[in-house]
Amino acid sequence: MKIRSLIAIVLALLEQFGAVVDAESALDKYEEMVELEGGEFWKGTDADNAKEGEYPAVFTSVGPFKINKYPVTNYHFRKFVREQNYKTTAEEFGWSFVFEDFVSEEVKAGVTEKLPNAEWWLPVQRAYWRQPEGKGSSIQNRLNYPAVHISYLDADAYCKWKGLRLPTDEEWEFAARGGLSKKTYPWGSKYEKKRMNIWQGKFPKENKALDGYAGVAPVDAFEPQNKYGMYDMVGNVWEWTSTTFTPGGEGAGVKYTLRGGSFVDSSDGSFNHPARTSTKMGNEPDAGSNNIGFRCAADVSDEEDGKDEL
């Protein structure tokens, strides 16, 4: 091979490598956090269609804290897995739940059991964060999408690895409300179809995808949902918090609170959950599906907020 040809090949490879590095560096913004002073606010709702745990509205408060502006992405979760050689709960189980619309016919053929009264959720073998829809699927072109099939255990492990923690239920809702009081959505009282990723149509067979997405969307597919600059708080994927979920009393096991609703939820609660700032449900710490993700939070120290006294 001629020297000039070899040089050309090397330069082309370096250029390609540089492009990859630049593209991945651009993904670092998804780790940004917003620092909030906290304060008093109305949490929950008194709406007639309120679900368990949402009602009644209560006046409460939170202290200063920081929280991720975006859900944790596939790109950043991949870093964690590689460095820690971490195996998620879904990988240990060997399967996870996937909404039927995103499962190939080949994979569907291998599903022998379905959930009672929720047959659209299929237990798919080898479905986990890296293969969101099971065998043959990939995150290769979805590095800026939220990591899904994430259990509470996985989310807690990731946040601790980052030196952070999961937000509390109260912190999550304070951040979602963006300083607005008793509003249905992070941006106000009126539903806007292109502000969040939810189901639009007759569930479960018709999804008009008027917001532009039928399934999971990139974490910044929509503009910030409130004046705090928070992305994706409502819709797209449910998010874990560190707060246990016991509105109906103690059950057989501990459940943790999930917030925000997902791409299978509705604007008004006519099916599944109404996707709004007060939306919540509980689930077991090892639960996962292709509509469950998370974001991290952190305390604000006296040094950071300038309150330390010398």
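Here's the yes/no breakdown for (1) aromatic (Phe, Trp, Tyr); (2) under 25 Å from Phe245 (Cβ atoms); (3) open to solvent by less than 20 Å² (accessible area, probe 1.4 Å):
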| site | (1), (2), (3) |
| --- | --- |
| Gly39 | no, yes, no |
| Lys51 | no, yes, no |
| Val58 | no, yes, no |
| Gly63 | no, yes, no |
| Asn68 | no, yes, yes |
| His76 | no, no, yes |
| Glu83 | no, no, no |
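Being of a type outside the set (D, E, K, R) and assigned to a loop (DSSP other than H, G, I, E, B) is the filter; apply it to the stretch 161-175 and report the residue that is most open to solvent (accessible area, probe 1.4 Å).
Let us first name the residues in the stretch 161-175 that are of a type outside the set (D, E, K, R), namely 161, 163-164, 166-168, 172, 174-175.
After this cut, where a residue has to be assigned to a loop (DSSP other than H, G, I, E, B) as well, the list is 163-164, 166-168.
Details: Gly163: 64, Leu164: 40, Leu166: 5, Pro167: 1, Thr168: 38 Å².
Within the stretch 161-175, the match that is most open to solvent (accessible area, probe 1.4 Å) is Gly163.
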Does Tyr213 satisfy the condition of being more than 14 Å from the chain's Cα centre (by Cα), more than 19 Å from Leu166 (Cβ to Cβ) and part of a loop (DSSP other than H, G, I, E, B)? yes
For Asp232, which of the numbered conditions (1) open to solvent by less than 40 Å² (accessible area, probe 1.4 Å); (2) closer than 25 Å to Lys29 by Cα; (3) without any contact (Cβ under 8 Å) to a residue 40 or more places away in the chain fails to hold? (3)
The lone exception for Glu239 - which of (1) under 15 Å from Phe99 (Cα atoms); (2) in contact with a Leu (Cβ under 7 Å, 6 or more places away or on another chain) it fails: (1)
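So, of the residues in the stretch 85-98 that are of a type in the set (Ser, Thr, Tyr) and surrounded by 16 or more Cβ atoms within 10 Å (Cβ to Cβ), which turns out to be farthest from Trp161 (Cα to Cα)?
We begin by selecting, within the stretch 85-98, every residue of a type in the set (Ser, Thr, Tyr); these are 86, 88-89, 96.
Okay, now just the ones that are also surrounded by 16 or more Cβ atoms within 10 Å (Cβ to Cβ), so 88-89, 96.
On the way: Thr88: 14, Thr89: 17, Ser96: 24 Å.
Top of the filtered list is Ser96.
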Would you mention how many residues in the stretch 104-160 are assigned to a helix (DSSP H, G or I), in contact with a helix residue (DSSP H, G or I) (Cβ under 6 Å, 6 or more places away or on another chain) and surrounded by fewer than 23 Cβ atoms within 10 Å (Cβ to Cβ)? 1
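Restricting the search to the stretch 76-103, which residues are closer than 21 Å to Lys255 by Cα, of a type in the set (Phe, Trp, Tyr) and assigned to a strand (DSSP E or B)?
Going through the stretch 76-103, the residues closer than 21 Å to Lys255 by Cα turn out to be 88-93, 95-98.
Okay, now just the ones that are also of a type in the set (Phe, Trp, Tyr), so 93, 95, 97.
Within the stretch 76-103, Trp95, Phe97 meet the criteria.
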Can you say whether Glu192 is surrounded by 19 or more Cβ atoms within 10 Å (Cβ to Cβ), closer than 20 Å to Thr279 by Cα and out of contact with any Cys (no Cβ under 7 Å at 6 or more places or on another chain), as far as the supplied structure shows? no
Filtering the stretch 168-199 for residues that are closer than 24 Å to Thr60 by Cα, in contact (Cβ under 8 Å) with a residue 40 or more places away in the chain and out of contact with any helix residue (DSSP H, G or I) (no Cβ under 8 Å at 6 or more places or on another chain) leaves a count of 17
Identify the residue in the stretch 16-75 that is more than 20 Å from the chain's Cα centre (by Cα), hydroxyl-bearing (Ser, Thr, Tyr) and assigned to a loop (DSSP other than H, G, I, E, B) and, among all such residues, is modelled with the lowest pLDDT. Tyr55
Given (1) under 20 Å from Tyr145 (Cα atoms); (2) without any contact (Cβ under 8 Å) to a residue 24 or more places away in the chain; (3) surrounded by 14 or more Cβ atoms within 10 Å (Cβ to Cβ), Asp101 misses just (2)
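The values are calculated or read from the model by the stated rules, or taken from the named source; none is laboratory data. Bear in mind that the values here come from a model prediction, so they are computed numbers and not experimental data. Every residue, glycine as well, gets a Cβ built from its backbone with ideal geometry; the counts of neighbours run over all protein chains shown. Only protein heavy atoms, including side chains, enter the accessible area calculation; ligands, DNA and RNA are left aside. Shrake-Rupley method; radii C 1.70, N 1.55, O 1.52, S 1.80 Å.
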